[in-house]
Every structure is written in C-alpha cells, then in structure tokens.
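The next block holds one structure in the form of structure tokens; read it before the comments.
Derivation of every value follows stated rules applied to the coordinates shown; laboratory data play no part. Note that this is a predicted model, so its numbers are computed, not measured. Because the Cβ atoms are built from the backbone with ideal geometry, glycine has one as well, and the counts that use them run over all protein chains shown.
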Ligand code: BGC
C-alpha cells in the first residue's frame with residue numbers, strides 16, 4: 001500500500017469526513033475484484049467433478065472414478081494434470097503480483113484493475129471455448145494474471161479511498177466479496193451440472209466473464225485515489241479528488257498535508273526490500289510470512305477448491321455433493337459477516353483463538369468419522385444420516401475459518417507495516433498466500449490418496465501450531481492507529497528485544513507531522 005496517513009478506528013488520529021455515496025459506490029465497484037478471485041476458487045472443484053468435463057479432458061481420471069466403487073475411494077481423483085488445472089492459476093497470480101506492484105505504483109490503481117479485468121476476460125473466453133487441456137491451462141494462467149493484478153490493486157484502492165475510521169470494515173468487505181464469488185460459483189455449478197447435453201462446464205467457466213466485465217468496465221469509471229495522484233505528480237487533481245470523496249463541506253487540509261508528507265517520505269525510501277530485513281522489523285517480517293502461510297495450512301482450500309470432489313469421495317452422488325458445496329459456501333458468506341461486526345470490538349486475537357479451537361475440533365471429528373467408515377483401505381459406504389453429520393462438522397469448521405483466519409489473514413498483515421516497508425510487506429503477504437494456495441491446490445488430491453483420513457489430522461495439527469503461535473506472538477492490534485503500532489511490538493514480551501528505544505522514536509516521528517495524537 002503506497003502512501004496514505006493511515007489511522008485506525010477508535011482513538012488516535014482521525015480526519016473529518018464521512019462515508020460519502022461517491023466513495024461507497026467506488027468501493028463497491030472496486031471490491032468486485034474480490035468477486036473474480038472468489039469465483040475462481042469456487043468454480044474449479046465443481047467443474048472437475050462433472051463427468052463430461054472429465055471425459056473430454058481427463059479421461060484417465062474418469063475411468064478411475066468409474067472403478068472407484070470397487071477400488072480405493074481416497075484415490076479416485078488423484079491426477080497431477082487435474083490438479084494443475086486448479087493450481088496453475090495461483091502460480092500465475094504469484095508471478096503477476098510482482099509486476100502488478102510496479103504497474104499499480106506507476107500507472108495508478110485504476111489501470112491496474114482495468115488490465116487485470118481485461119486479461120481475466122480473455123482467460124474466461126479461452127476456458128469457455130476450450131477444446132484441449134492446453135487451452136484450459138493457458139486460460140487458467142490468464143485468469144491468474146487477472147487475479148494477481150486485482151489482488152494487488154483492489155485492497156490498496158479500498159484502503160486509500162476509505163475514510164480512516166472505516167478502513168477495517170471495508171477491508172473485510174473485500175473478503176466478503178471473495179466469499180460471495182465462491183458461493184456464486186457453487187450455485188452456478190449446481191445449475192450447469194444439470195445441463196443434459198454435457199456442456200455445463202463450459203457455461204460455468206465462461207460465466208467468469210461476468211464479474212470480469214464488471215471490474216473492467218467499472219474501473220474505467222473509477223477515479224484515481226488521491227494518494228496515487230500525489231505520488232504521480234498531480235497534486236491539484238489530488239486535492240480536488242480528496243474533497244470530492246470526503247464531502248464538499250469537509251475541511252480536508254489536514255489529511256491532504258499528511259498525504260503529501262507520506263508520499264514524500266515514501267519516496268525517500270530507496271530500498272524497501274532491504275529495510276524490511278532490519279532487526280527492528282523482525283516482528284512484521286515474521287507476520288508477513290507466517291500469517292498467509294498459516295492461513296493456507298488451515299486446509300480451508302481443500303474445502304473451497306475440492307468440496308464437491310471431497311463429498312463425492314465420501315460417497316455423495318453428483319447432485320448431493322454440489323448441493324453440500326453450496327451449503328458450505330452459504331455458511332462461509334454469513335460467518336464472514338460475524339467478523340465484520342465483531343472484529344473492532346472483540347479484537348483480532350479473540351477471533352483467531354476461538355476460530356482456531358473450533359476448526360481444530362471439527363477437523364479431528366471429520367477425520368475420525370471418515371476413518372470409522374473408510375478405514376485406511378478406502379473401501380466402504382457412508383449412509384445418508386452419517387454423511388449429513390460429516391457435512392455439519394465441515395460447516396462448523398468453515399464458519400470458524402470465516403470469522404478468523406479468512407478475513408484476519410488479510411486484515412492483520414495490512415495494518416502492521418509502517419509506511420517505509422508497506423509495499424514490500426504487502427507483496428510478501430500476497431505472494432506467500434498465492435504460493436501456498438498453489439501448493440495446497442496441487443497437492444491435496446495426492447495427499448488424500450496417501451494420507452487418507454489422516455489428512456484431516458494433519459491440518460488439525462497445523463491449526464494447533466498456528467493457534468499457539470497467535471497466542472504467544474501476535475499482540476492485539478484492534479483500535480491501534482498504524483503509526484502507533486510500534487508501541488504494541490515494543491510492549492510485547494518477545495518482540496521488545498528487537499526494538500531499541502530509538503526505534504520507537506523513529507516510529508513516533510511518523511505521527512509528528514501535523515498530528516493530534518493523544519499520548520499513548
Ligand atoms: C483465502 C482463500 C480462501 C477464502 C475462503 C480467503 O481469505 O485467502 O484462500 O479460499 O478466504 O473464503
């Protein structure tokens with residue numbers, strides 16, 4: 001996130017300005033970037049469980065699936081090429097996010113979103129028209145480039161447009177759009193799987209063009225953020241824009257002065273990548289790597305990518321498995337709302353710890369339920385009532401994720417970096433997330449085949465580790481203005497040893513330009 005005097009809710013520095021209708025609409029349009037990400041996450045699992053799709057592109061998987069009743073349930077979808085179809089997108093997004101960081105800075109957030117949307121549109125067309133695996137995978141790579149650009153620019157755009165007091169809430173608004181995208185994809189799969197002629201998968205893949213068209217056309221009408229305008233040498237335009245987005249009756253001079261100061265300050269930083277390696281930023285660097293890493297090691301994307309496949313593995317018939325995926329998608333959306341309304345009151349830590357405990361218990365229960373029926377041979381049948389209990393526990397698990405690691409995995413890294421390391425920190429966060437999203441997507445079906453029900457215990461083990469990590473190493477950041485964040489680390493029992501008294505003074509300087517911060 002480049003520039004911007006960023007403050008947090010509840011105390012500390014604040015600028016006048018309300019949520020104007022103008023800002024609200026620009027934010028809604030920009031947040032559709034989350035929709036394209038979510039649609040991709042949700043669409044692949046349903047498509048890869050459709051027989052006509054498998055027959056056309058992955059005939060070997062289709063044959064294995066037919067045999068699976070007699071053979072091992074755990075292994076019926078294990079196929080590297082099939083996993084590459086799902087995972088290639090995230091690898092492309094990982095690479096694209098590095099380029100997108102530069103485009104976002106030089107050309108502005110708006111053109112970055114436009115470019116992302118356009119690439120995504122081409123990818124959707126290629127996928128919908130695919131005649132061979134190459135077209136499928138090239139299409140997925142283009143979608144990935146689109147996601148890379150959108151994920152880099154949209155959160156930055158939202159943060160810079162939002163009045164400071166509403167930054168946290170709007171940040172989770174992006175995650176809400178992701179979950180809505182996932183749900184939309186699951187509903188569409190449920191509908192298209194019923195198309196008798198067997199081209200349902202084409203409709204599912206091509207419909208990705210809808211959210212892409214919204215963000216592509218929408219971005220043409222989006223104004224640039226004041227921060228970006230200042231950074232690119234248009235100070236007057238920036239001031240006019242700031243007045244427009246905060247409301248014409250609002251005095252924006254204070255905020256404007258801080259934006260200019262922040263931009264100048266960030267231009268002085270020549271080596272953000274080297275700076276983040278400084279000893280005093282050890283805590284932030286650790287979080288930038290571990291939070292996205294742990295978020296993926298919760299195992300959430302096993303459900304998000306492969307829910308229909310997983311439910312079929314459990315013996316659900318095609319329709320029932322897609323329906324169950326829709327149910328988990330609904331739970332995901334509604335549980336995200338819980339975090340929107342509690343995160344600034346309960347705080348991040350409580351949500352992390354409660355959500356972690358809930359996920360862990362559910363994973364152990366699900367693993368055990370599967371073990372009882374399938375054992376390690378993978379041969380067996382799950383009766384209806386029993387399957388419903390499995391789905392129930394998977395839903396409770398998804399809810400736990402949706403109010404903890406889901407939104408917080410994006411929110412917390414975005415609020416802990418001081419300005420001089422913010423772009424570097426944000427890049428690390430996005431790319432580590434994409435890297436492990438890729439790893440899980442690529443490895444899950446093989447892991448299921450080899451680790452069997454133990455896979456659920458494996459993820460439960462990781463959830464224990466990450467919950468202990470949060471308990472020990474993450475201080476509470478709710479209601480702390482970002483400029484004061486250094487004090488949070490300085491007071492922390494572990495991280496304080498990395499921060500000298502001078503460093504706190506340096507941190508406090510960030511606030512000194514024109515700020516009315518009360519004493520900490
Ligand atoms: C994660 C995605 C995940 C989604 C589920 C996001 O925060 O980054 O990997 O699929 O939440 O809602």
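Here are the numbers:
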{"read-out": "Degrees, to the nearest 10: 209-221 long Cα axis against longest axis of the chain", "value": "10"}
{"read-out": "Contact order relative to length of the chain, as percent, for alpha carbon pairs under 8 angstrom and 6 or more apart", "value": "26"}
{"read-out": "Cubic angstrom per residue, convex hull over Cα atoms of the range 274-400", "value": "139"}
{"read-out": "Helical mean residue ellipticity (222 nm; -39500 (n - 2.57) per DSSP H run of 4+; nearest 500) of the chain", "value": "-25000 deg cm²/dmol"}
{"read-out": "Helix 109-128 axis, angle to the chain major axis (alpha carbon atoms, nearest 10°)", "value": "10"}
{"read-out": "Relative contact order (%) - the range 95-227, alpha-carbon pairs under 8 angstrom, separation at least six", "value": "37"}
{"read-out": "Rounded tilt (10° steps) of 167-192 against the dominant C-alpha axis of the chain", "value": "20"}
{"read-out": "As computed over the chain, the Cα convex hull volume per residue (Å³)", "value": "128"}
{"read-out": "By average C-beta atoms within 10 angstrom, highest first, the peptides 307-315, 56-64, 387-395", "value": "307-315, 387-395, 56-64"}
